[in-house]
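Trainee: My questions will all concern the structure given below.
The values are calculated or read from the model by the stated rules, or taken from the named source; none is laboratory data. Keep in mind the model is a prediction, meaning the values are calculated, not measured. Counting neighbours? That spans all protein chains shown, and the Cβs are built from the backbone with ideal geometry, glycine included. Areas reflect the complete protein model, heavy atoms only, side chains present, ligands, DNA and RNA absent. Shrake-Rupley method; radii C 1.70, N 1.55, O 1.52, S 1.80 Å.
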Amino acid sequence: MKQLVKKIRDRYGYAWTVLQGLVKTDFKLRYQGSFLGIAWSVLKPLMMFCVMYVVFGKFLRMSDGTSTYPVVLLLGISSWQFVTESTNVGLRSVVDRGDLLRKIHFPNYIVVVSATVGALISYAINLVVVLIFAIIARVHFTWRVVLLPLSIIELYAMTLAVTLLMATMYVYFRDIAHIWDVLQQLIFYGMPIIYPLTYVTNRGGLLADIARLELINPFAQAIQDIRHNFIAPETQPTVWNQFNNWGIRLLPIALTVVLLWLGVALFRRNSRKFAEVM
């Protein structure tokens, strides 16, 4: 029994050490040679927020009519920025780290996880910025803030699932990167991130019913839950308050679990062939 425990400790302790090293290296290289450095992890979503707020909030009047909408918009953009940063870096991680994988023996999945963890660190920094803006906007925080970590874990799980799937396919088909560039734009504009879902649902009718179905998308559901629990529980529709059927409520979580299992299984099945293919 002691030998088994020691073997497990040695195996996962080594993997943890490698993961820490890769995350630190990736995070340093990401902003190497940049004058502003790590500040770009905050400036990028802030600049995108300014553009989206002016275009959709001011010119097109897409707002939920509350003073918290700018903070809600910033939180949504920061959350999606985490997804895009994780997937864009993660899908290339196995190929980019090909030389390292051939020279040093460690689990291949670590290079993918390190990419998502690096993006998660940037996301944590952005959440602090969102918190500062929320305090300035006098957001009334509720007990639902304690549910925020669960929503972030769900978003991370879905992001990791997609990243594992695309990282596996990218080893064989480089076109995946271009396909994902298009898909992530479609997903982004198909979710209530830059426009409030109530902007559509308040109109009623068939269009409102279709809009509610957007919440079945695990990305949309997780981001809406993050907004709901962190900033605006009164104004943010979620799958929990838009549907009475528990089957529909749990569908995004079930999809996340299935996709994560599929991503891990597909990656593990093909990981031994990566060195040969590359």
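Trainee: Sort Trp240, Trp80, Trp246 by heavy-atom solvent-accessible area, probe 1.4 angstrom, most to least.
Mentor: Ranked from most to least accessible, the order is Trp246, Trp240, Trp80.
Trainee: Sticking with this structure for a sec: Which net charge results for the neighbourhood of Leu266, defined as the other residues with beta-carbon distances under 13 angstrom from its beta-carbon, given Lys and Arg at +1 and Asp and Glu at -1?
Mentor: That works out to +4.
Trainee: Take the Cα radius of gyration of the stretch 116-260 and divide it by 2.2 N^0.38 Å, with N its residue count; two decimals is plenty.
Mentor: 1.12
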